[in-house]
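Reading through the structure tokens given below for one structure.
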Amino acid sequence: MKPSQYIYLHGFASSPNSIKAQYLNDHFKEHQIFLTIPDLNQGNFSNLTLTRQLKQVSGEFINAQTPVTLIGSSLGGLTAAWLGEKYPQVQRLILLAPAFGFLDRWLDKLGEANVKQWRETGELLIYHYKEKRSLPLNYQFVTDVSQYQDQQLQRPLPTLILHGKHDEIVPISYSYDFTEQRPWIQLKTLNSDHGLTDVMEDIWVTIKEFCELTSDS
């Protein structure tokens with residue numbers, strides 16, 4: 001049975017108007033499929049947490065019986081993976097450069113002094129691509145996402161990971177490590193960086209095949 005609900009989850013400090021979101025939305029429309037694209041910022045980026053995203057997206061599910069395919073980019077990919085773990089109606093995952101292990105890498109990159117300042121002041125300025133300006137992010141983001149450990153993601157459901165070989169934000173090694181002990185995951189490497197915007201045609205062809213979409217879908 002083909003899933004009847006498709007949801008796209010944008011990345012960190014991004015929006016439903018991102019290049020990837022709109023490209024996929026247009027192509028799903030050509031197959032008469034409505035792609036739900038929630039705004040994960042909720043008009044309150046400063047209080048963003050992974051837990052908030054999980055609650056928001058699960059609220060988009062039609063019901064417990066309607067199968068769902070989740071497509072997630074970066075932090076949206078991590079969110080999709082956790083939704084797949086927690087909700088049985090999620091029947092298929094497509095993860096674009098999913099942010100596995102990103103927190104440790106990000107905090108290392110920030111450096112001990114900056115992390116300490118963030119923890120003590122409670123806020124860190126982050127450039128938001130939709131807003132085209134820096135916005136404060138509460139340190140609660142860190143404490144919240146620390147509860148979610150990648151090794152706990154063990155539900156065997158059909159999963160496709162698409163990751164750029166030149167990704168400097170979330171190195172492709174994270175996806176290799178994640179798939180190593182999970183034989184139900186297909187990993188496709190792409191000649192691109194974290195944004196993947198220059199390989200969207202390849203991504204769409206792969207998604208279409210993975211979802212078994214035809215011109216009659």
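Any idea how many residues of region 91-121 are surrounded by 12 or more Cβ atoms within 10 Å (Cβ to Cβ) and of a type outside the set (A, V, I, L, M)?
Let us first name the residues in region 91-121 that are surrounded by 12 or more Cβ atoms within 10 Å (Cβ to Cβ), namely 91-103, 105-107, 110, 114-115, 117-119.
From what is left, the residues that are of a type outside the set (A, V, I, L, M) are 91-92, 98, 100-102, 105-106, 114, 117-119.
So the answer is 12.
Hey, does region 170-180 have a residue that's among the small types (Gly, Ala, Ser) and loosely packed, with under 14 Cβ neighbours inside 10 Å?
Taking region 170-180 and keeping what is among the small types (Gly, Ala, Ser), we get 173, 175.
Among the residues that remain, those that are also loosely packed, with under 14 Cβ neighbours inside 10 Å are: 173.
Yes, the conditions are met somewhere in region 170-180.
Keeping to region 23-51, report how many residues are assigned to a helix (DSSP H, G or I), among the polar types (S, T, N, Q) and either touching a Pro at 6+ places or on another chain (Cβ under 8 Å) or touching a residue at least 24 places away in the same chain (Cβ under 8 Å) (or both). Reasoning before the result, please.
Going through region 23-51, the residues assigned to a helix (DSSP H, G or I) turn out to be 23-30, 45-47, 50-51.
Checking which are among the polar types (S, T, N, Q) leaves us with 25, 46-47, 51.
If we keep only those that are either touching a Pro at 6+ places or on another chain (Cβ under 8 Å) or touching a residue at least 24 places away in the same chain (Cβ under 8 Å) (or both) too, we end up with 46-47, 51.
The total comes to 3.
What are the residue pairs meeting all of these: first residue in region 136-157, first residue farther than 28 Å from residue 114 by Cβ, second residue surrounded by 12 or more Cβ atoms within 10 Å (Cβ to Cβ) and among the polar types (S, T, N, Q), Cβ atoms under 7 Å, and 6 or more apart or on different chains?
157/91
Given the structure, is residue 182 touching a Ser or Thr at 6+ places or on another chain (Cβ under 8 Å), at pLDDT 95 or above and more than 27 Å from residue 23 (Cα to Cα)?
Yes.
Counting only residues that are assigned to a helix (DSSP H, G or I) and among the polar types (S, T, N, Q), which one in region 70-126 is nearest to residue 7 (Cα to Cα)? Lay out the reasoning, then the answer.
Taking region 70-126 and keeping what is assigned to a helix (DSSP H, G or I), we get 75-86, 102-110, 112-121.
Of the ones still in play, those that are also among the polar types (S, T, N, Q) are 79, 114, 117, 121.
Numbers: 79: 12, 114: 35, 117: 36, 121: 35 Å.
Applying the filter and picking the extreme gives 79.
Quick check on this structure: which one of 127, 148 is loosely packed, with under 11 Cβ neighbours inside 10 Å and aromatic (Phe, Trp, Tyr)? First the steps, then the outcome.
Numbers: 148 fails: loosely packed, with under 11 Cβ neighbours inside 10 Å.
Checking each option against the conditions leaves just 127.
The values are calculated or read from the model by the stated rules, or taken from the named source; none is laboratory data. The model shown is predicted, which means the values in this text are computed figures rather than measured ones. In this analysis, Cβ positions are derived from the backbone assuming ideal geometry, glycine residues included, and neighbour counts consider all displayed protein chains.
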